[in-house]
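To keep things clear, I will list the structure first and then write my remarks on it.
The values are calculated or read from the model by the stated rules, or taken from the named source; none is laboratory data. These figures come from a predicted structure and were not determined experimentally. When we count neighbours, we look across all protein chains shown, and the Cβ atoms used for this are built from the backbone with ideal geometry, even at glycine.
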Amino acid sequence: MKINLSPFHRGKYSILFYVFIAILAIGTGIVFRQTLVAKDVKGQASVPPVLQSLPEPKISVSPLAGSTVLPQAPSNQPLENTQIVNGIEMTVSNFAQNKDRLSLDSCYTLPDDSAWIAYFPTVEYNGHVIQFSESIPLKLRLKKSAEELQIISFDSSGGKHVKNEKANLNDKGRRCDRFIFIVDSDTKGPFIFNFGSIVAEPREGEICALANIEIFQKALDKQNSQVKIGCNSAESTTSGGAEGIIIKEKPQTMSQEEALSLLGKPEIFIEAYGVSGPWVFHWDTTQK
């Protein structure tokens, strides 16, 4: 099976907010923190390889603005499909293809009020696995309290519309986005869309919280890593330092680089900060 990955450029902000920085910054007013991993004990930047190697999908600063209008799925295809995995309900709809642009809309419930995102969804066809190339925020529903919901939607000109509604007891937060995949222009499918997990990083200021360190340590222990971690808090860092996780103990046979690489393993990150699926959806354009 061929895996297509594009290079990732490590920016100022944490990678897990690569897709929805626009919707979160505009819709929730969250200021995103800098890198999760602080300088190591030798004073060198401790950036796990996974943070350097993951692809960087395109961020639509103006949601929907300038986007190609994609045709709807044929009438014989399901208008939407819903799956519930590990308590998360995900619904996909509006399957569409226009030459090499394949798209679908995805909505999923949120476990809490953290900044959850879909972690690198893919599409599989004809032996290829392609990661999404662009995402467009559509709607965000936040449960502000037991009595109030905040609904943030985006129009084709890039504007946002915010309204508050009365919440019911069983209402949950929900996020909706359009994902676009670039595929071979002559392909006819069938297509398999895979949403492997959703993730949410600690909020700014919570990186060094004891509960967060315990969560990350538990994920490392589950891999039998024999690595113990600590944290440089914002208050303890000196000029040039960074708030974040550091290596405190490791086996003598393990290099510092090897220990740091464990912090960047996707399976450990998802174990600590995610909800695993997968949510898998099929769309067969070849059916008559």
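Details
- Within segment 133-169, the set of residues being part of a strand (DSSP E or B) and farther than 30 Å from ILE182 by Cα comprises LEU142, LYS143, GLU148, LEU149, GLN150, ILE151, VAL162, LYS163, ASN164, GLU165, LYS166.
- Lone unmet requirement of (1) surrounded by 12 or more Cβ atoms within 10 Å (Cβ to Cβ); (2) at pLDDT 90 or above; (3) polar (S, T, N, Q); (4) part of a loop (DSSP other than H, G, I, E, B) for SER225: (2)
- Residues of segment 170-198 that are assigned to a loop (DSSP other than H, G, I, E, B) and in contact with a strand residue (DSSP E or B) (Cβ under 7 Å, 6 or more places away or on another chain): ASP171, LYS172, GLY173, VAL183, THR187, GLY189, PRO190.
- Test: residue in segment 142-152 that is touching a Pro at 6+ places or on another chain (Cβ under 7 Å) and surrounded by fewer than 20 Cβ atoms within 10 Å (Cβ to Cβ): no
Condition check ((1) surrounded by fewer than 21 Cβ atoms within 10 Å (Cβ to Cβ); (2) assigned to a strand (DSSP E or B)) across all residues:
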residue: THR82; (1), (2): yes, yes
residue: THR91; (1), (2): yes, yes
residue: ASN94; (1), (2): yes, yes
residue: GLN97; (1), (2): no, yes
residue: LEU102; (1), (2): no, yes
residue: SER106; (1), (2): no, yes
residue: SER114; (1), (2): yes, no
residue: PHE120; (1), (2): yes, no
residue: VAL123; (1), (2): no, yes
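- For segment 172-199, the set of residues classified as surrounded by fewer than 19 Cβ atoms within 10 Å (Cβ to Cβ) and either touching a helix residue (DSSP H, G or I) at 6+ places or on another chain (Cβ under 6 Å) or free of Cβ contacts under 8 Å to residues at least 60 places away in the same chain (or both) consists of ASP186 only.
Yes/no per residue for (1) touching a Gly at 6+ places or on another chain (Cβ under 8 Å); (2) of a type in the set (Phe, Trp, Tyr); (3) closer than 18 Å to GLY189 by Cα; (4) modelled with pLDDT of 90 or more:
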residue	(1), (2), (3), (4)
SER75	no, no, yes, no
ARG101	no, no, yes, yes
SER106	no, no, no, yes
ALA118	no, no, no, yes
THR122	yes, no, yes, yes
HIS128	no, no, yes, yes
LEU138	no, no, no, yes
